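Have a look at the structure below before the remarks.
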């Protein structure tokens, strides 16, 4: 299990780095050359060891995202159904990252409307809603970013530090 955690962390790091590559064709080129040099055990219609590890890492990532949702939304008894898992998996397969999934959940949690401060007093915090489609998902990510910017801005406005002076000046 510890090996899976290390590989999971490595995969997240690699995903972040790949997002920074400007020419995506370069990724395809390097990956195709890399695959030719590596012998992966398995074959004959069976899953390779690499495929099994990838599947386990994806499952663990989905579980971690779901557990974050359970904690943030205060649903400790919720279970990870196949339907909920599929919603999260779909966003990940579309290229969204683990961090973006966490940001979307936090964005929903930071919305007073979605947390029940609306006309009906209804809480809208389901995995189905947050991960429904790419557009809805991106909206929750952006909601989280706006909240963070507003928080930093309000802290800066209340700061009495003289930003015109440099350290060491009197």
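Each value in this text was obtained by applying a stated rule to the coordinates, not by laboratory testing. Quick caveat, the model's predicted, so the values are computed rather than measured. Ideal geometry is used to build each Cβ from the backbone, glycine not excepted, and the neighbour counts take in all protein chains shown.
Some observations on this one:
- Förster radius 35 Å - calculated FRET efficiency between residue 99 and residue 48 (Cβ-Cβ, nearest 0.05): 0.80
- Extension gain for residue 25-residue 123 works out to 30.9 nm (0.36 nm per residue, less the C-alpha to C-alpha distance).
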